[in-house]
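Report on the structure given below.
The values are calculated or read from the model by the stated rules, or taken from the named source; none is laboratory data. Please read all numbers here as calculations on a predicted model, not as lab measurements. Glycine also receives a Cβ, built like all others from the backbone with ideal geometry; neighbour counts cover every protein chain displayed.
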Amino acid sequence: MTTKGQLSKGELFFSLPVSFILIGVALWNWSHGFSHFVNWIWLLIGLNRLLTLGRKAFPRWRGLLNSLALASSFVLILLVVYIAFRYFL
């Protein structure tokens, strides 16, 4: 049971590290010269997961985090559509 402004154990021990791992892998690949659209996808998924957790952890900033999560989701959708049309059609 969590109160307002707290993350559950599953979110704290699974979702939060997965978000940081996805962002870290994308940044690691870019720093070593591997720049591909997959890195953008990993970065945006990690960022979106982190923003979603942030909405629950920081209820005062819910409006800002909602806007940022919506923007990252929109960019992720556009990127996937671009990749689909460019490489598969």
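What the table below lists for this structure:
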quantity: Selection count, segment 49-80, where residues are in contact with a Lys or Arg (Cβ under 8 Å, 6 or more places away or on another chain), modelled with pLDDT under 90 and either at positive phi or not charged (D, E, K, R) (or both); calculated: 1
quantity: Test: Val18 is modelled with pLDDT of 90 or more and exposed (fewer than 11 other Cβ atoms within 10 Å of the Cβ); calculated: no
quantity: Identity of the residue in segment 2-15, surrounded by 12 or more Cβ atoms within 10 Å (Cβ to Cβ) and either under 13 Å from the mean Cα position of the chain (by Cα) or of a type in the set (Gly, Ala, Ser) (or both), that ends up nearest to Pro59 (Cα to Cα); calculated: Ser8
quantity: Neighbours by Cβ (under 8 Å, 6+ apart or cross-chain): first from segment 22-42, without any contact (Cβ under 8 Å) to a residue 40 or more places away in the chain; second exposed (fewer than 13 other Cβ atoms within 10 Å of the Cβ) and not small (Gly, Ala, Ser); calculated: Asn29/His36
quantity: Candidates Leu47, Leu51, filtered to the one that is within 26 Å of Val81 (Cβ to Cβ), touching a Leu at 6+ places or on another chain (Cβ under 7 Å), among the aliphatic types (A, V, I, L, M) and without any contact (Cβ under 8 Å) to a residue 60 or more places away in the chain; calculated: Leu51
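Residue-wise test of (1) more than 30 Å from Lys9 (Cβ to Cβ); (2) among the aromatic types (Phe, Trp, Tyr); (3) surrounded by fewer than 17 Cβ atoms within 10 Å (Cβ to Cβ).
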| residue | (1), (2), (3) |
| --- | --- |
| Leu22 | no, no, no |
| Ala26 | no, no, no |
| Leu47 | no, no, no |
| Leu50 | no, no, no |
| Gly54 | no, no, no |
| Arg62 | no, no, yes |
| Ser67 | no, no, yes |
| Ala71 | no, no, yes |
| Phe88 | yes, yes, yes |
